[in-house]
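Notes follow the structure.
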Amino acid sequence: MKITPLFLIVALLFALAACSKDTKETATAADGSKVTMEKKGDQTSMEIKSKSGEKVSMNVSDKGVKPTTELPKDLPVYPKATLKMDNVAGTLRMLGFYTADPVADGVKFYTEELKKQGWTIDANMAMGDGQMITAKKDTRSCQLMITKDGKETYIQLTLSSKG
């Protein structure tokens, strides 16, 4: 997939979706990739399918979204958080959660719960107003960034797997 033409198509579809309530637009890039953007209320979904069958999907909403696909049972999810972004690209998945709880509560939860679920914590480091945690289990890795975002705490969870 070529990033520049797809970026322009995605930007155009986002602009079209922002102009109306409920829409569904599909465009085809020069390389044969298909980009579909759907807006329902405050939720926007995007899917890119390459000519070779690779797929990237993203769901975003300020009010919250449902996971695109089921999350692994051994991947803890902060109980007081709202999922506002779910992005899946092959074996990489990025989730964006928001909570009113302090950063320290999220750090404590993930440090304890990842260990309980059999994950090995590789790193846990302070970064400004936030914390970064990396963990591994089997062929998967998990990276967390937990930081202040205005009055809320943002939890970005990235899960990747090999093979």
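The values are calculated or read from the model by the stated rules, or taken from the named source; none is laboratory data. Since the structure is predicted, the reported quantities are computational estimates derived from the model, not experimental observations. Positions of Cβ are generated from backbone atoms using ideal geometry, with glycine treated the same way; all protein chains shown enter the neighbour counts.
In region 60-153, counting only strands (runs of 3 or more DSSP E) that sit wholly within it, the ones holding 3 or more residues that are within 13 Å of the chain's Cα centre (by Cα) and not basic (Lys, Arg) span 82-89, 92-99, 140-149.
Is it the case that Leu95 is closer than 24 Å to Ser45 by Cα and in contact with a Phe, Trp or Tyr (Cβ under 7 Å, 6 or more places away or on another chain)? Taking the combined requirement at face value, the residue does not satisfy it.
Listed here are the residues, each with its yes/no results for (1) in contact with a His (Cβ under 7 Å, 6 or more places away or on another chain); (2) surrounded by fewer than 17 Cβ atoms within 10 Å (Cβ to Cβ); (3) not assigned by TED's automatic domain parsing to the domain that holds Asp129.
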residue: Asp22; (1), (2), (3): no, yes, yes
residue: Met37; (1), (2), (3): no, no, yes
residue: Pro72; (1), (2), (3): no, yes, no
residue: Ala104; (1), (2), (3): no, yes, no
residue: Lys115; (1), (2), (3): no, yes, no
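Being touching an Asp or Glu at 6+ places or on another chain (Cβ under 8 Å), buried (at least 16 other Cβ atoms within 10 Å of the Cβ) and under 25 Å from Lys55 (Cα atoms) holds for only one residue in Leu95, Leu144, and it is Leu95. Being more than 30 Å from Gly118 (Cβ to Cβ) and without any contact (Cβ under 8 Å) to a residue 24 or more places away in the chain is a condition met by no residue of region 79-90.
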